[in-house]
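First comes the structure, then the notes that go with it.
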Amino acid sequence: MSLKKKAFAALAQKLRGALSAGEWDAVSSLDQECSALVASLCDEDAADAGLRAEIDAVVALYDELQRAGRAERERLAAELTKLNQGKQVSRAYGSLG
């Protein structure tokens, strides 16, 4: 297995672990690692079917990360909305007492 193929396979494994653990800071740092790996690719790498398969696996994982990120953002937005509503109710009842 080529070094780049191993690097993409290891990256996919680390990203999957960070995603399943909900470690968004780790996902962010791994994203930088992914950018560096992609930047290191050259034209000759296009002929490596195994490398392309690993890259496709990382692309699919990024799709999954985007869906999970959107779901987390929506969850946090709903939680913040509830907190804000609770503060407003508290202020309304506080002014009555």
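Stretching the chain fully between LYS6 and ASP48 yields a gain of 13.9 nm (0.36 nm per residue, less the alpha carbon separation). The magnitude of the dipole of the chain, with charges of +1 and -1 set on the Cβ of Lys/Arg and Asp/Glu and taken from the Cα centre, is near 660 debye. Calculated [222 nm] ellipticity per residue, helices only, for the chain: -30500 deg cm²/dmol; basis is -39500 (n - 2.57) per DSSP H run with n ≥ 4, divided by all residues, nearest 500. Using 0.36 nm per residue and subtracting the Cα-Cα separation, the extra length available between LEU80 and GLN32 on full extension is 14.4 nm.
The angle between the Cα long axis of helix 3-21 and the main principal axis of the chain comes to about 20°, on a 0 to 90 degree scale. Projecting the Cα atoms of GLN66, ALA12, ALA49 onto the charge dipole of the chain (Cβ charges, centred on the Cα centre) puts GLN66 farthest toward the positive pole.
None of the figures in this text is laboratory data; all of them are computed from the coordinates on show. Fair warning: this is a prediction, and the values are worked out from it, not measured in the lab. Cβ sites come from the backbone with ideal geometry, for glycine too, and all protein chains shown count toward neighbours.
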